[in-house]
Amino acid sequence: MICQCCETNLVESKKRPLCKRCYQKLHKAGLLDTYPLIIDRTAIESKYSEKYGEQIVSDFKAIINNPDIRLNDIAVKYGFTRERARQLFKLINGFSYTNVKKTKAYKQLIQQSIEKIDPIRRAKEHKGHVGIAAKSEEQFYLICKSLNFDIYPKKNGNAFDFVVNGFNVDVKTATHSYSFWQIGPRYYHFSMTKRQHSGLDFLACHAAPEDDFYIIPKSALSSRSVYIRDKKTGGDQAIDKYEGYKGAFQLMTNNIPDGYSAKRLLGCRSNCFLGI
């Protein structure tokens, strides 16, 4: 067997595929780890499988991809120390646990961030006004999932709540309607920040007492405030400019023809591919 470093001399080291001269040279430079150990993995796996059971090999390999399994868990399971578990991990897998630990920590952070922004979890944890808004987001999320939309929540602090089929969507909730005068129709008020208005594609307004969603595209928003008439106080005349967007989840699909505005699609009222 020829030395992998100089490619001229024969291998003299029992640990690595190097000649004596290259081994000493790389050892002084601290570069021995660049050449793999000469180890028969099959023999090692069969050796420790006979000693501790066949499952020990699969347990040590499962640590690599599962962030919830730690070396200490396997050490307790098989009755040896954590240091021995670290040594066996390197023997069975061929690399140090330190390299895997950084990746596992990163995966745990990703998993925690995903759980933190999960709308179903947020609806269960939060209470008060935040809890009401979280329940509206949960309901919006479940409706989009039932329609087979590609939806995922955005991180906390982002200007939008969801990305639906590639569109930025923010969900707003109103629990009460207000009147501009002492007598007359009442309105649900929804407002946006300047950052939200400039970057969103759709505004999903949830009138909680009526349990209705209004999916309003940005082209139909004249300002950062939206007023939707309360149907309970307006009778038959309670029709406003956003009435056509009630339950219009179909607008967030990607199959809207070019040149068709949302108002034109919603104005069809019959024989429309949106089914409105």
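Rule-based calculations on the coordinates, nothing more; no lab input. Small disclaimer: the values here were computed from a predicted structure and weren't measured. We place every Cβ from the backbone using ideal geometry, glycine too, and count neighbours over all the protein chains shown.
Subtracting the Cα-Cα distance of LYS218 and THR233 from their residue separation scaled by 0.36 nm leaves 2.7 nm.
Residue separation of THR81 and ASP33 scaled by 0.36 nm, minus their Cα-Cα distance, works out to 14.8 nm of gained length.
Distance between the pseudo-spin-label points of ARG21 and LYS241 (7 Å out from Cα toward the beta carbon): 8.6 nm. Which of the residue pairs LYS47/LYS101; LYS51/LYS77; LYS218/LYS241; LYS20/LYS90; LYS61/LYS101 have a Cα-Cα distance greater than 19 Å in the structure shown? From LYS47/LYS101; LYS51/LYS77; LYS218/LYS241; LYS20/LYS90; LYS61/LYS101, over 19 Å: LYS47/LYS101; LYS20/LYS90.
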